[in-house]
C-alpha cells in the first residue's frame, strides 16, 4: 500500500509541474495578446481574471467564462464545457483576424495558440472581429497555392502489339436472349 501511495504522490507532482509549465506558456501568450488589445499584460497571469478579460475583449460578454464551470457535471457538463470553450476560441480567432478554424487550436492547444497569436503580426479588431474590414479571402490563413499546369505537347501512348493465341471452343452453348428457353 505504501508503494502505491508513493507512486501516486510522485506521479501527481510531475503532472502538477507540467500543468504549471502549461499555465506559464498560456500566461505569456495572453500577456502579449492583451497588450495588442489595449489591456494590461499582467491580467494574463491571474487565473479567473484572465478569462474574464479575454471574454470581455473578444466577445464583449465578460461573464461568459462562468459557463465553463459546467465541467463539474459529468458527461453533459463536459460537452457543454467544450462547446463554450469552442465559442470563446471562435470569438478569439475573429477578434485577432484569424480564420474560424483556429477555434479548434484554441480549444485543444490553448497556450500554444495564445503564444502564436500574441507574438505574430496580427492585430486586434475588436469583439468578434467587428473592426475587421478585410474580405473573407484575405482573412484566411496564409497558404501556398500550387498551380497545376497542363502539358502543352501531349505525349502519345506507346502501344505494343500482342499476338493473341487462338481460343478453344467450348462444349457449352450460351444464348443471350432474354425470354427464350433453349433445350
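Throughout, read-outs are computed from the coordinates displayed, never taken from laboratory work. Please read all numbers here as calculations on a predicted model, not as lab measurements. Positions of Cβ are backbone-derived with ideal geometry, glycine not excepted, and every protein chain shown enters the neighbour counts.
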Practice task
Could you pull out which residues in segment 50-89 have an amide N less than 20 Å from a spot 7 Å beyond the Cα of residue 128, following the Cα-Cβ vector?
Solution key: 52-68, 83-89
Fill in the blank from the handout: When 88, 28 are arranged by how many other beta-carbons sit within 10 Å of their Cβ, fewest first, they go 28, 88
Handout entry: Computed label-point distance, nm, for sites residue 63 and residue 109 using a 7 Å Cα→Cβ extension
Key = 3.6 nm
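Can you tell me the relative contact order of segment 2-139? Whole percent, Cα pairs under 8 Å, sequence separation 6 or more. Show your work: numbers first, answer last.
Details: 176 pairs, mean separation 35.3, N = 138.
For segment 2-139, the relative contact order is 26 percent.
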Completion exercise
Taking only Cα atoms of segment 2-139, the Rg to Rh ratio with Kirkwood Rh works out at 1.05
